[in-house]
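Quick notes on the structure that follows.
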Protein chains: 2
Amino acid sequence: MRDVARHAGVSPKTVSNVMNGYPYIREATRTKVLASIDALGYQMNISARNLKSGRTGIIGLAIPELSLPYFGELADAVIEAADEHGLTVMIEQTGADRDRELTVLNRPRGHLVDGLLYSPLGLGQDDIGQLNTNTPMVLLGERIFHSPVDHVMIDNVGGTKAAVEHLLQLGRRRIAVLGVHPGEKVGTASIRYGAYASALTDHGVRVPEELAFPAGRWHRSTGAEATERLIATGEKFDAILGLNDTLALGAVRVLTRHGYRIPDDVAVVGFDNIDETLYSTPTLTTVDPGRTQIARNAVELLVKRMAGDDSEHEEIVAPYQLHIRESTAG
Amino acid sequence: MRDVARHAGVSPKTVSNVMNGYPYIREATRTKVLASIDALGYQMNISARNLKSGRTGIIGLAIPELSLPYFGELADAVIEAADEHGLTVMIEQTGADRDRELTVLNRPRGHLVDGLLYSPLGLGQDDIGQLNTNTPMVLLGERIFHSPVDHVMIDNVGGTKAAVEHLLQLGRRRIAVLGVHPGEKVGTASIRYGAYASALTDHGVRVPEELAFPAGRWHRSTGAEATERLIATGEKFDAILGLNDTLALGAVRVLTRHGYRIPDDVAVVGFDNIDETLYSTPTLTTVDPGRTQIARNAVELLVKRMAGDDSEHEEIVAPYQLHIRESTAG
DNA sequence: TTGAAAGCGCTAACAC
DNA sequence: GTGTTAGCGCTTTCAA
């Protein structure tokens with residue numbers, strides 16, 4: 001910067017002003033400085049500015065796995081939203097394991113990020129104490145009650161209930177569930193399972209515990225395995241609720257291979273509305289959690305917090321939408 | 001850091017030494033300092049270190065779109081590989097548009113990244129001049145000949161030829177191609193299309209130009225549209241080569257809807273071996289470009305360059321593998 | 001093995 | 001409108 005200043009015959013401060021779009025500069029000066037910047041190929045050193053300002057313009061996004069389509073699509077949406085605020089996104093993968101989630105959460109970031117968007121899968125009420133409140137943070141997706149941080153939530157309960165009620169309306173009563181996490185009291189798995197159970201109960205249908213199949217990670221492969229186990233039990237079932245789309249798609253694959261007709265023999269529903277569900281065979285009925293909306297809201301909320309707003313924390317629930325497709329509608 | 005030093009009764013330099021694992025420190029001193037760090041909840045300010053050292057420990061990864069499964073999976077692999085070297089990854093989305101790719105390439109990064117992994121889709125020979133050589137850079141995926149930077153390449157030619165030869169061995173002669181970029185001389189689309197054409201020619205089969213269908217972005221949706229156009233022409237065809245998996249999966253969807261049997265009427269092949277191809281109906285025959293390998297090699301190469309190695313630039317071609325699945329094998 | 005002093009490149013505060 | 005001064009938190013000499 002000194003070099004640029006010398007080259008343009010001005011002071012470093014003037015160069016700084018030009019770089020930062022400070023308005024009160026004579027046009028001639030600005031032009032001269034810009035020319036020098038160009039001539040010398042000067043690039044501002046962001047670290048230096050960060051050091052001075054204490055802010056980096058980077059926000060963190062902690063998600064389980066980028067290779068899961070839902071999170072890939074979410075990350076895409078977050079990056080776009082952040083971009084509109086001039087922020088850069090740094091992605092951290094947590095691997096969907098509670099211990100690793102906590103590690104990531106508490107990892108010293110060395111003031112590298114100004115704020116954190118955090119999408120926990122297995123964290124819950126008991127872990128609230130861990131939520132380090134010295135960096136601004138917004139929680140994505142998960143509902144943890146009474147926590148001291150902002151949330152932008154998927155409507156897990158509403159969405160799951162809508163999906164289950166859709167199956168009930170089709171006359172299905174033996175609805176299997178894939179992806180439960182037995183013993184887990186909080187987190188997406190238990191919330192969606194709880195909503196499933198209460199939807200059944202509300203409609204006077206017994207909750208068939210023999211039809212709940214665990215899957216730690218919500219991949220196609222684990223959905224496929226769970227479905228194999230389901231079939232192996234010999235239990236009757238006329239529908240499958242995958243707690244997310246990839247589980248459901250794994251199920252579709254196994255059902256097809258075993259000769260089940262979808263939806264005639266078995267109706268299948270997922271959750272997330274990933275792009276793939278529009279092109280699978282059959283196309284998959286699923287709940288759209290409002291990804292783009294969530295990303296937008298979350299970034300805006302975080303920006304507000306980073307700007308120093310310390311009003312009461314907010315909880316925003318994005319509206320869900322049930323998309324009925326071939327896997328339930330023939 | 002001053003506070004920690006005072007608290008521990010040592011100098012800042014000693015604290016710095018402890019933080020950086022400098023070996024010649026008396027055990028007692030180290031313990032004392034660590035205790036103080038803990039007591040004060042001290043976090044090193046990375047910006048300050050960066051300013052001094054001129055390095056940030058961050059590498060950039062520029063890819064078209066995170067929501068495309070291939071790039072999600074690639075990014076995942078790169079993050080893991082970078083992690084092993086203690087590096088953090090910053091993802092930039094280019095949107096698979098040549099102009100935006102150039103913009104991203106030349107965007108001033110303000111010394112924020114120590115190096116860049118760059119996965120261009122539409123860039124080619126003519127753009128080599130643009131390759132800013134002042135940050136270490138490794139190109140991913142694409143082959144640009146005679147460029148002055150390192151490459152870790154997909155074996156586009158070998159992989160595509162293997163796929164086409166597989167179709168020829170099945171007796172297919174009317175092989176449609178989805179995803180070509182007419183007029184583009186370089187980039188993945190033209191390389192794969194070229195390999196397809198030469199595989200046909202090698203086997204004495206005429207290249208059916210009436211069966212090449214463009215698709216700018218390689219999504220399921222564009223693959224589906226291209227297939228609709230293909231069917232609408234009334235041309236006969238007995239196989240489809242999607243220039244990537246998502247295109248092929250879009251095609252599968254449309255073929256199925258139109259009552260074509262796969263592979264009996266039409267065999268389908270993709271490229272990338274994304275997870276989804278193992279679970280689609282039918283499962284998709286595809287070329288595995290060696291994603292993990294590519295990520296590993298690329299990060300290692302970049303680390304070497306960042307360490308100042310300025311030997312002749314390298315070109316590494318990752319070995320491909322053809323996975324034959326239901327979409328061609330019944 | 002540890003400490004003191006200087007400076008990385010920038011900006012905030014204030015002077016001109 | 002523009003220049004001067006000081007200091008952000010760390011590491012790099014060099015000295016003790």
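The values are calculated or read from the model by the stated rules, or taken from the named source; none is laboratory data. Remember, it's a predicted structure, so these values are computed and weren't measured experimentally. Cβ atoms come from the backbone with ideal geometry, glycine included; neighbour counts cover every protein chain shown.
I'd like the residue in region A:167-186 that is within 12 Å of residue A:216 (Cα to Cα) and touching a residue at least 60 places away in the same chain (Cβ under 8 Å) and, out of all such residues, is surrounded by the fewest Cβ atoms within 10 Å (Cβ to Cβ).
A:184
Given the conditions (1) over 27 Å from residue B:279 (Cβ atoms); (2) outside any helix (DSSP H, G or I); (3) out of contact with any strand residue (DSSP E or B) (no Cβ under 6 Å at 6 or more places or on another chain), report the number of the one that residue A:103 does not fulfil.
That leaves (2) as the condition not met.
Run residue B:1 past the list (1) buried (at least 21 other Cβ atoms within 10 Å of the Cβ); (2) near DNA strand D (Cβ under 9 Å from one of its atoms) and report the number of the one that doesn't hold.
Among (1) buried (at least 21 other Cβ atoms within 10 Å of the Cβ); (2) near DNA strand D (Cβ under 9 Å from one of its atoms), residue B:1 violates only (1).
Taking region B:84-93 as the search range and keeping residues that are in contact with a helix residue (DSSP H, G or I) (Cβ under 9 Å, 6 or more places away or on another chain) and not in a strand (DSSP E or B), which one is nearest to residue A:91 (Cα to Cα)? Break it down stepwise before answering.
The first filter runs over region B:84-93 and keeps only residues in contact with a helix residue (DSSP H, G or I) (Cβ under 9 Å, 6 or more places away or on another chain), leaving B:84-85, B:87-89, B:91-93.
Filter once more, so that each one left must be not in a strand (DSSP E or B): B:84-85, B:87.
On the way: B:84: 16, B:85: 16, B:87: 12 Å.
Among residues in region B:84-93 that are in contact with a helix residue (DSSP H, G or I) (Cβ under 9 Å, 6 or more places away or on another chain) and not in a strand (DSSP E or B), the one nearest to residue A:91 (Cα to Cα) is B:87.
Here are the criteria: (1) assigned to a loop (DSSP other than H, G, I, E, B); (2) within 16 Å of DNA strand C (Cβ to nearest atom); (3) β-branched (Val, Ile, Thr). Tell me which single one residue A:14 does not satisfy.
If we test residue A:14 against (1) assigned to a loop (DSSP other than H, G, I, E, B); (2) within 16 Å of DNA strand C (Cβ to nearest atom); (3) β-branched (Val, Ile, Thr), just (1) comes out false.
Being more than 10 Å from every other protein chain (Cβ to nearest Cβ) and crowded, with 20+ Cβ neighbours inside 10 Å is true for just one of B:74, B:116. Which residue is that?
Numbers: B:74 fails: more than 10 Å from every other protein chain (Cβ to nearest Cβ).
Step by step, each of B:74, B:116 is checked, and only B:116 is more than 10 Å from every other protein chain (Cβ to nearest Cβ) and crowded, with 20+ Cβ neighbours inside 10 Å.
Is it the case that some residue within region B:1-10 is part of a loop (DSSP other than H, G, I, E, B), within 14 Å of another protein chain (Cβ to nearest Cβ), touching a residue at least 12 places away in the same chain (Cβ under 8 Å) and within 16 Å of DNA strand C (Cβ to nearest atom)? Break it down into steps so the answer makes sense when it comes.
Of all residues in region B:1-10, those part of a loop (DSSP other than H, G, I, E, B) come to B:1, B:9-10.
The next check asks that each one be within 14 Å of another protein chain (Cβ to nearest Cβ); those that pass are B:1.
Then keep just the ones that are touching a residue at least 12 places away in the same chain (Cβ under 8 Å); that gives B:1.
When the remaining residues are screened for being within 16 Å of DNA strand C (Cβ to nearest atom), the result is B:1.
Yes - at least one qualifying residue is present in region B:1-10.
Residue A:148: loosely packed, with under 15 Cβ neighbours inside 10 Å and assigned by TED's automatic domain parsing to the domain that holds residue A:66, yes or no?
Details: loosely packed, with under 15 Cβ neighbours inside 10 Å: yes; assigned by TED's automatic domain parsing to the domain that holds residue A:66: yes.
Yes; evaluated as a whole, the condition is true for this residue.
What number of residues within region A:37-48 satisfy the criterion of being assigned to a helix (DSSP H, G or I) and within 13 Å of chain B (Cβ to nearest Cβ)? Working first, answer last.
Pass one, region A:37-48, residues assigned to a helix (DSSP H, G or I): A:37-40, A:46-48.
Adding the requirement that they be within 13 Å of chain B (Cβ to nearest Cβ) leaves A:37-38, A:40, A:46-48.
Qualifying residue count, region A:37-48: 6.
Please go through region A:29-65 and give me each residue that is near DNA strand D (Cβ under 9 Å from one of its atoms) and more than 19 Å from residue B:111 (Cβ to Cβ), ordered by number.
A:29, A:30, A:32, A:33
Going by the structure shown, is residue A:34 buried (at least 21 other Cβ atoms within 10 Å of the Cβ), assigned to a helix (DSSP H, G or I), of a type outside the set (Phe, Trp, Tyr) and in contact (Cβ under 8 Å) with a residue 12 or more places away in the chain? Before the answer, list the steps.
Numbers: buried (at least 21 other Cβ atoms within 10 Å of the Cβ): no; assigned to a helix (DSSP H, G or I): yes; of a type outside the set (Phe, Trp, Tyr): yes; in contact (Cβ under 8 Å) with a residue 12 or more places away in the chain: yes.
So residue A:34 does not fit the description; no.
Could you tell me whether region A:67-83 includes any residue that is away from DNA strand D (no atom under 12 Å from the Cβ), closer than 28 Å to residue B:58 by Cβ and over 30 Å from the mean Cα position of the chain (by Cα)?
Just the residues of region A:67-83 that are away from DNA strand D (no atom under 12 Å from the Cβ), to begin with: A:67-83.
In the following step, the residues that additionally are closer than 28 Å to residue B:58 by Cβ were identified as A:67-83.
Right, trim to over 30 Å from the mean Cα position of the chain (by Cα) and you get none.
No: region A:67-83 contains no residue that is away from DNA strand D (no atom under 12 Å from the Cβ), closer than 28 Å to residue B:58 by Cβ and over 30 Å from the mean Cα position of the chain (by Cα).
Output the strands (runs of 3 or more DSSP E) that fall wholly within region B:225-330 and possess 2 or more residues being within 14 Å of chain A (Cβ to nearest Cβ) and within 18 Å of residue B:172 (Cβ to Cβ), or say none.
Numbers: elements: B:239-242, B:267-271, B:285-288, B:315-317, B:321-323.
Because the criterion is at least 2 residues that are within 14 Å of chain A (Cβ to nearest Cβ) and within 18 Å of residue B:172 (Cβ to Cβ), the strands (runs of 3 or more DSSP E) in region B:225-330 that meet it are B:267-271.
Matching residues to (1) part of a helix (DSSP H, G or I); (2) at the interface with chain A (Cβ under 9 Å from one of its Cβ atoms); (3) within 30 Å of residue B:2 (Cβ to Cβ):
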position: B:65; (1), (2), (3): no, yes, no
position: B:70; (1), (2), (3): yes, no, no
position: B:82; (1), (2), (3): yes, no, no
position: B:95; (1), (2), (3): no, no, no
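Is it true that residue B:100 is at negative phi and within 16 Å of DNA strand D (Cβ to nearest atom)? Working first, answer last.
Details: at negative phi: yes; within 16 Å of DNA strand D (Cβ to nearest atom): no.
No, not satisfied.
Sort through A:42, A:24 and tell me the only one that's free of Cβ contacts under 8 Å to residues at least 24 places away in the same chain and among the hydroxyl-bearing types (Ser, Thr, Tyr). Talk me through it step by step, then tell me what you get.
Numbers: A:42 fails: free of Cβ contacts under 8 Å to residues at least 24 places away in the same chain.
Among A:42, A:24, only A:24 is free of Cβ contacts under 8 Å to residues at least 24 places away in the same chain and among the hydroxyl-bearing types (Ser, Thr, Tyr).
Scanning for something surrounded by 16 or more Cβ atoms within 10 Å (Cβ to Cβ), part of a helix (DSSP H, G or I) and within 7 Å of DNA strand D (Cβ to nearest atom), does region B:19-28 turn up at least one residue? Steps first, answer last, please.
Step one: filter region B:19-28 for residues surrounded by 16 or more Cβ atoms within 10 Å (Cβ to Cβ), giving B:19.
Next, only the ones that are part of a helix (DSSP H, G or I) stay: B:19.
Next, only the ones that are within 7 Å of DNA strand D (Cβ to nearest atom) stay: B:19.
Yes, there is a match, as at least one residue in region B:19-28 is surrounded by 16 or more Cβ atoms within 10 Å (Cβ to Cβ), part of a helix (DSSP H, G or I) and within 7 Å of DNA strand D (Cβ to nearest atom).
Output the residues belonging to region A:220-255 that are hydrophobic (A, V, I, L, M, F, W, C) and without any contact (Cβ under 8 Å) to a residue 60 or more places away in the chain. Can you show your working first?
Step one: filter region A:220-255 for residues hydrophobic (A, V, I, L, M, F, W, C), giving A:224, A:226, A:230-232, A:237, A:239-241, A:243, A:247-249, A:251-252, A:254-255.
Listed by number, the residues that qualify are A:224, A:226, A:230, A:231, A:232, A:249, A:254, A:255.
Given (1) within 12 Å of another protein chain (Cβ to nearest Cβ); (2) within 15 Å of DNA strand D (Cβ to nearest atom); (3) within 19 Å of residue A:60 (Cα to Cα), where does residue B:88 come up short, assuming only one miss?
Only one criterion is unmet by residue B:88, namely (2).
For residue B:217, indicate whether it is of a type in the set (D, E, K, R), crowded, with 20+ Cβ neighbours inside 10 Å and in contact (Cβ under 8 Å) with a residue 60 or more places away in the chain.
Numbers: of a type in the set (D, E, K, R): yes; crowded, with 20+ Cβ neighbours inside 10 Å: no; in contact (Cβ under 8 Å) with a residue 60 or more places away in the chain: yes.
It is false that residue B:217 is of a type in the set (D, E, K, R), crowded, with 20+ Cβ neighbours inside 10 Å and in contact (Cβ under 8 Å) with a residue 60 or more places away in the chain.
Look through region B:37-58, keep the residues that are within 11 Å of DNA strand C (Cβ to nearest atom) and among the basic types (Lys, Arg), and return whichever of them is surrounded by the most Cβ atoms within 10 Å (Cβ to Cβ).
If we take residues in region B:37-58 being within 11 Å of DNA strand C (Cβ to nearest atom) and among the basic types (Lys, Arg), then B:49 is surrounded by the most Cβ atoms within 10 Å (Cβ to Cβ).
Got at least one residue in region B:180-191 being in contact with a Ser or Thr (Cβ under 8 Å, 6 or more places away or on another chain), in the same structural domain as residue B:225 (by TED's automatic domain parsing), modelled with pLDDT under 90 and not in a helix (DSSP H, G or I)?
Taking every residue of region B:180-191 in turn, at least one turns out to be in contact with a Ser or Thr (Cβ under 8 Å, 6 or more places away or on another chain), in the same structural domain as residue B:225 (by TED's automatic domain parsing), modelled with pLDDT under 90 and not in a helix (DSSP H, G or I).
Given the structure, is residue B:99 within 12 Å of the chain's Cα centre (by Cα) and either more than 8 Å from every other protein chain (Cβ to nearest Cβ) or among the charged types (D, E, K, R) (or both)?
Details: within 12 Å of the chain's Cα centre (by Cα): no; either more than 8 Å from every other protein chain (Cβ to nearest Cβ) or among the charged types (D, E, K, R) (or both): yes.
Considered against the rule, which asks whether it is within 12 Å of the chain's Cα centre (by Cα) and either more than 8 Å from every other protein chain (Cβ to nearest Cβ) or among the charged types (D, E, K, R) (or both), residue B:99 comes out as no.
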